[in-house]
Amino acid sequence: MHHPFTPVASVPVDPRKALVHEEGWQSWSPSGAYALDATPPPSSRLRAGRGRPHRPANANWATVCYRPGVTVPAGTFQGEGLLALDPGDGSPARLWAAAEPTREVPSIRLVSGDGRVAEISADGPVKEWTGPDIPSVLGEWATGLGLDAPRPAPTVWCSWYEYFTAVTEDDIHENLRAMDTLDLTVDVVQIDDGYQRALGDWLTLSGRFRSRAGIAEKIRSRGRRAGIWAAPFLVDPASDLAAAHPDWLVRDTAGGFAHAGRNWGHDLRVLDTTHPDAAAYLTDVFTTLRAEGYDYFKTDFLYAGALDGVRHADTDALTAYRAGIALIREAIGEDAYLLGCGAPMLPSIGLFDAMRVSPDTAPHRRPEADDYSQPGQDPAEFTGAARQWQHNRLWTNDPDCLMARPAVETRERWAAHVESTAGLMASSDRLLSLDRWGVDTTRRLFEGVTR
């Protein structure tokens, strides 16, 4: 439910120097600082924070990668729960932050009609902070939450960016052998999307895998930990779960199923974890995976759990989302490592060991339709750098995977970005495809992780 916007502050600014930081809704939502007098820039100026704020290129991406149901008027800056301003006149940077960030995340707007005064408004309660500059005031706000420092992150090999959904059990075996051959200090071998038959049918294998427990045992027998991917709140309409238990799915206010966007060539549904039987099913999924030997879990497309809709229990979407993540944590145990991705940022505070803080990377730099929520090295670097203040304050930042194979465009620049974040270090290459530079870089970055 969205409330009217009410005035919060009026701030004098130097229009030539002022910067505005917009915090996006979830992992993939563009976040960063822009010039107050933002004008259409050449692409080379985007990285200096000069360009227009990034907005969704189509309605599907607005649902899957931005804050669903929320639009931003032309000529307006908007942050979801956080918006910061450097007035550019030597006065302190100012931050407007959600008063209760895990319970209510207001949209916060800034407009400057005459260019000399910034007018800030919000559609919910906010508090104001000040600091010497934008990264500092954001960091001070995060420190003020009083969270414990995250545990050290393991090094990871992930199947996604080489094999995508076509990954096979034999691919995992090949890379396990290659880790030994290349002497790579990989702690976790994480199987990504493709082992399951359908979204929602997490315990039913695709034809490319023979045994989840068997491959986990093989990984562990080589002295490494077994990791696995899931999108716990997404359900494919063609899945067995959707057919057998339509009452487990979130509905919209018109009585149809809530729409989580379109991906994998399907319209997607949302699992209602406030339904006791759906909650029991999800608990069983993660309890089973944990019992099979997996203790590293990448949970993805988590925005779906925070979508508005009619649920079995009369509860708001953010409460349902946090309860769903808590259910997963209880099933896997406190000792397991939990990574969030595609997750609403502020509502996830205090729930995860690590968090993806940017859109997906890719073998190419530019995103499709120049939408900075879409896969590409440029958007991953833009938002990842702008969220560096979150690292070791809210969680361990995940800048997304290192790709060091020769086919990756500007691989040296991407590797430098991953290294500079000092965050979660994960490789996602077919290791035998790496040339000397790729092997040396992967080894060096992994060995540089503080243990």
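The values are calculated or read from the model by the stated rules, or taken from the named source; none is laboratory data. Everything numeric in this text was worked out from a predicted model, so none of it was measured. Counting neighbours? That spans all protein chains shown, and the Cβs are built from the backbone with ideal geometry, glycine included. The area values use the complete protein model at the heavy-atom level, side chains included, leaving out ligands, DNA and RNA. Shrake-Rupley method; radii C 1.70, N 1.55, O 1.52, S 1.80 Å.
Here are a few things to note about the model shown:
- Rolling a 1.4 Å probe over the protein heavy atoms of the range 257-414, with every protein chain left in place, gives an accessible area that is 49 percent carbon and sulfur.
- The aspartates and glutamates whose alpha-carbon is closer than 16 Å to the alpha-carbon of residue 218, local same-chain residues fewer than 8 away aside, are 169, 170, 171, 174, 180, 187, 292, 295.
- Sorted peptide list for 103-115, 422-434, criterion being average Cβ within 10 angstrom, highest first: 422-434, 103-115
- Global dimensions of the range 61-117 from alpha-carbon coordinates: Rg and Dmax equal 13.3, 39 Å.
- Nonlocal amide H pairs with residue 34, under 5 Å, H built at 1.01 Å: 20, 21, 22
- Per-residue ellipticity at 222 nm from helix content only, as computed over the chain with -39500 (n - 2.57) for each DSSP H run of at least four residues, stands at -7500 deg cm²/dmol.
- Once the convex hull of all Cα atoms in the range 106-254 is built, its volume per residue stands at 251 Å³.
- Anisotropy class assigned to the range 358-451 is oblate, per the alpha carbon gyration tensor with a/c at or over the 1.5 cut-off and a/b no larger than b/c.
- Part-to-part distance (alpha-carbon centres) for the range 144-192 and the range 236-308, which is given in Å: 24
- Net charge of the neighbourhood of residue 294, taken over other residues with C-beta under 9 Å away and scored Lys/Arg +1, Asp/Glu -1, is +1.
- Summarising the label geometry, the points placed 7 Å from Cα in the beta-carbon direction at residue 147 and residue 410 lie 2.9 nm from one another.
- Per residue, the convex hull spanned by the Cα atoms of the range 181-307 measures out at 121 cubic angstrom.
- Under 20 Å from the Cα of residue 127 - aspartates and glutamates, other chains or at least 8 residues apart: 22, 23, 80, 86, 100, 104, 119, 140
- Largest-first principal axis extents, alpha carbons of the chain, Å: 65, 55, 40
- Computed magnitude of the charge dipole of the chain (debye, nearest 20; Cβ of K, R +1, Cβ of D, E -1): 700
- The solvent-accessible area of residue 413, taken with every protein chain present and a 1.4 Å probe, is close to 100 Å².
- Dipole of the range 124-194 [Lys/Arg +1, Asp/Glu -1 at C-beta], most positive-end residue of 131, 176, 165: 131
- Within the range 76-166, the proportion of C-alpha pairs whose separation exceeds 21 Å stands at 48%.
- Mean Cβ neighbour count within 10 Å, used as a protection proxy, ranking 4-13, 274-283 highest first: 274-283, 4-13
- DSSP-defined beta bridges in the chain - what % are antiparallel, rounded to 5: 60
- Surface composition of the range 139-186: carbon and sulfur make up 51 percent of the accessible area, probe 1.4 Å.
- Rg over Rh for the range 278-354 works out to 0.96, using Cα positions for both radii and the Kirkwood form for Rh.
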